[in-house]
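Novice: Dropping a structure here in structure tokens format, bear with me for questions.
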Amino acid sequence: MKTMTCRDLGGPCDTAHHGESADDVIQAQDAHLKAAQDSGDESHREAADAMAARWKDPAGGMGWYQDTQQRFADLPED
């Protein structure tokens, strides 16, 4: 298992997301951003908008995804 934070994934806070794969932490970040936005936390809006744009344009978001995959792979195990 490895850990990336909201900030590591382009967000504004240090909430930790744990997973066996980069996809696990990306999905956790997506849920975190949605929950923050649903609760009225405006500090996460920019990151949530950027995440939504990546989901809507997979080809355009592929660079971010590949970078995140590599950064996850380079992390030590927890």
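Novice: Quick one: what pairs do we get from segment 33-51, first residue under 18 Å from Y65 (Cα atoms), second acidic (D, E) and open to solvent by 10 Å² or more (accessible area, probe 1.4 Å), C-beta under 8 Å, 6+ apart or different chains?
Specialist: Here the result reads M51/D30, each pair linking segment 33-51 to a residue that is acidic (D, E) and open to solvent by 10 Å² or more (accessible area, probe 1.4 Å).
Novice: A further question follows. With the requirement that a residue be open to solvent by 80 Å² or more (accessible area, probe 1.4 Å) and part of a helix (DSSP H, G or I), what does segment 27-48 give you?
Specialist: Pass one, segment 27-48, residues open to solvent by 80 Å² or more (accessible area, probe 1.4 Å): 27, 34, 38-39, 42, 45-46.
Selection gives Q27, K34, D38, E42, R45, E46.
Novice: Let me ask you something else. Can we say Q66 is open to solvent by 80 Å² or more (accessible area, probe 1.4 Å) and under 11 Å from the mean Cα position of the chain (by Cα)?
Specialist: Values: open to solvent by 80 Å² or more (accessible area, probe 1.4 Å): yes; under 11 Å from the mean Cα position of the chain (by Cα): no.
Judged against the criteria, Q66 is not a match.
Novice: Mind checking which pairs have a first residue in segment 53-68 that is among the hydroxyl-bearing types (S, T, Y) and a second that is open to solvent by 60 Å² or more (accessible area, probe 1.4 Å), Cβ under 9 Å, 6 or more apart or different chains?
Specialist: From segment 53-68, the pairs are Y65/P58; T68/D8.
The values are calculated or read from the model by the stated rules, or taken from the named source; none is laboratory data. Note that the structure is predicted; figures quoted are calculated from it, not measured. Methodologically, a virtual Cβ is constructed for each residue, glycine included, from the backbone with ideal geometry; neighbour enumeration extends over all protein chains shown. Areas reflect the complete protein model, heavy atoms only, side chains present, ligands, DNA and RNA absent. Shrake-Rupley method; radii C 1.70, N 1.55, O 1.52, S 1.80 Å.
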